[in-house]
Amino acid sequence: MKHNLKYLASYLPWLLVLLAFDLFTAVLLWLSDVRMFQALILLYILATVLLFFILSFLLIRKERKKAAAYKSFIANPKIDTELELLNLSSASEKESIEKIADTLYQKQAQIGKLNSLLAEYEDYVEKWAHEIKLPLSLLSLLLDNQSDQLPEDTAFKLDYVKNQIQGNVSQILFYYRVKSEKNDFLFEDLDLEECIQDLLENFDPLLKEKNFTIKLENIQGICYTDQRSFGFILSQILANALKYSSDKPELKISMSSDKGRKTLIIRDNGCGVKACDLPHIFEKGFTGDSGETRKKSTGMGLYLVKQLADALKIDIVVKSEWMHAWI
């Protein structure tokens, strides 16, 4: 209805023109025959107004069809929608529409080419991420079976490099996972204590190297979630605790339950996050200015954590004070 009134308002000047013409002819009629003027003037004006609204109705219907054809063509530029639009357009509009169509077809071809290149690139990165797992597996096998034959310092450095590469590869895979239109989450019952123990075991060399004090309290119960994604979330949080640890690092993991809702609490006494940075830590690429170590960060870890947490319906709350942190 609003669109109809909008179209009708644009035609009102023509009604004024017609009424002005009626006034002119009425003057002529009055000069020629006063009696005829009195008999026909009202009918003359009503006929003009009726004709105006009939023509307006027909024009509005055509304009609405043309507007729909424009939307259809812009949403899906192809020959069929272009021809439909041209059939509803005047001769003066057709040339402009054909130029617009040529431009849209060129842009459409460019977008198709870019999408193809992007798909190839994503496929390559995903294949690379999977292929690199083989040398990582061999490195893990070497460290598991022959670490006692290597110097302790060398074994530690190899294990550190292995964990760093594994973390980076995981970030790549989970980045594509959260951006994919099809989520391949596998929800299952997950033992929280076992999950956290496995996580701490994976990080054990780094935790020992930094002399972390670990405290676990009341970690029990089952969580229905995707194991890989949940494990990745926890590993990124723990990796941050390691990266920004204090001189006497402590890590405390506990659980609380309120009205059937379980909360996993992970706290550390690292350098923390500045108050101005805290609202932005889950933004893509954000690193903040809280120290030299953070400036070397990619800003992707916590971004992926938030994306996965949202997909899994997990609420994440962060509390921190700069240089006085228990997160």
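Selection of region 232-284 for residues being touching a helix residue (DSSP H, G or I) at 6+ places or on another chain (Cβ under 9 Å), open to solvent by 40 Å² or more (accessible area, probe 1.4 Å) and farther than 21 Å from ILE314 by Cα yields only LYS243.
When ALA69, ALA39, ALA26 are screened for being modelled with pLDDT of 75 or more and either among the small types (Gly, Ala, Ser) or not in a helix (DSSP H, G or I) (or both), only ALA69 passes.
When GLU283 is tested against the conditions (1) among the acidic types (Asp, Glu); (2) under 27 Å from the mean Cα position of the chain (by Cα); (3) within 17 Å of GLY167 (Cα to Cα), the lone failure is (3). Of the residues making up region 166-205, just one is assigned to a helix (DSSP H, G or I), of a type in the set (Ser, Thr, Tyr) and farther than 19 Å from ILE237 by Cβ, namely TYR176. Listed by first and then second residue, the pairs linking a residue in region 143-157 that is outside the structural domain of ASN202 (by the TED database) to a residue that is part of a helix (DSSP H, G or I) and open to solvent by 80 Å² or more (accessible area, probe 1.4 Å), with Cβ atoms under 8 Å apart and 6 or more places separating them unless they lie on different chains, are PHE156/GLU209. Only one entry of SER229, SER245, SER256 meets the criterion of being within 25 Å of the chain's Cα centre (by Cα) and of a type in the set (S, T, N, Q), and that entry is SER229. Mind checking whether some residue in region 264-287 is among the hydroxyl-bearing types (Ser, Thr, Tyr) and at pLDDT 80 or above? No: zero hits. Would you check if there is a residue in region 140-148 being within 28 Å of ILE316 (Cβ to Cβ), exposed (fewer than 14 other Cβ atoms within 10 Å of the Cβ) and acidic (Asp, Glu)? No, because not a single residue in region 140-148 is within 28 Å of ILE316 (Cβ to Cβ), exposed (fewer than 14 other Cβ atoms within 10 Å of the Cβ) and acidic (Asp, Glu).
Going residue by residue through region 102-109, is there one that turns out to be under 25 Å from the mean Cα position of the chain (by Cα), part of a helix (DSSP H, G or I), hydroxyl-bearing (Ser, Thr, Tyr) and surrounded by 10 or more Cβ atoms within 10 Å (Cβ to Cβ)? Looking through region 102-109, none of the residues is under 25 Å from the mean Cα position of the chain (by Cα), part of a helix (DSSP H, G or I), hydroxyl-bearing (Ser, Thr, Tyr) and surrounded by 10 or more Cβ atoms within 10 Å (Cβ to Cβ).
For region 52-74, the set of residues classified as touching a residue at least 24 places away in the same chain (Cβ under 8 Å) and open to solvent by 90 Å² or more (accessible area, probe 1.4 Å) consists of LYS62, ARG64, ILE74, listed by residue number.
One residue is enough: does region 220-230 have a residue meeting the conditions in contact with a Ser or Thr (Cβ under 8 Å, 6 or more places away or on another chain), assigned to a helix (DSSP H, G or I), under 19 Å from LEU304 (Cα atoms) and assigned by the TED database to the domain that holds ILE253? Within region 220-230 (the criterion being in contact with a Ser or Thr (Cβ under 8 Å, 6 or more places away or on another chain), assigned to a helix (DSSP H, G or I), under 19 Å from LEU304 (Cα atoms) and assigned by the TED database to the domain that holds ILE253), the answer is no, since none of the residues qualifies. Would you check if ALA325 is at pLDDT 80 or above, more than 30 Å from LEU186 (Cα to Cα) and either in a loop (DSSP other than H, G, I, E, B) or outside the structural domain of PRO205 (by the TED database) (or both)? Answer is no for this residue. Checked against (1) outside the structural domain of GLU63 (by the TED database); (2) open to solvent by 90 Å² or more (accessible area, probe 1.4 Å); (3) among the charged types (D, E, K, R), LYS94 passes all but condition (2). All of (1) in a helix (DSSP H, G or I); (2) open to solvent by less than 100 Å² (accessible area, probe 1.4 Å) hold for PRO77 with one exception: (1). Exactly one residue out of ALA91, ALA119, ALA109 is among the small types (Gly, Ala, Ser) and under 30 Å from LEU58 (Cα atoms): that is ALA91. Any idea how many residues of region 197-217 are in contact with a strand residue (DSSP E or B) (Cβ under 6 Å, 6 or more places away or on another chain) and of a type in the set (A, V, I, L, M, F, W, C)? The number of residues fulfilling the criteria is 3. Go through the residues of region 182-192 one by one and say whether even a single one is in contact with a Gly (Cβ under 8 Å, 6 or more places away or on another chain) and of a type outside the set (Asp, Glu). Within region 182-192 (the criterion being in contact with a Gly (Cβ under 8 Å, 6 or more places away or on another chain) and of a type outside the set (Asp, Glu)), the answer is yes, since at least one residue qualifies.
The values are calculated or read from the model by the stated rules, or taken from the named source; none is laboratory data. These figures come from a predicted structure and were not determined experimentally. No Cβ is skipped: glycine too gets one built from the backbone with ideal geometry, and neighbour counts run over all protein chains shown. Quick note on the areas: whole protein, heavy atoms, side chains included, nothing else; ligands and nucleic acids left out. Shrake-Rupley method; radii C 1.70, N 1.55, O 1.52, S 1.80 Å.
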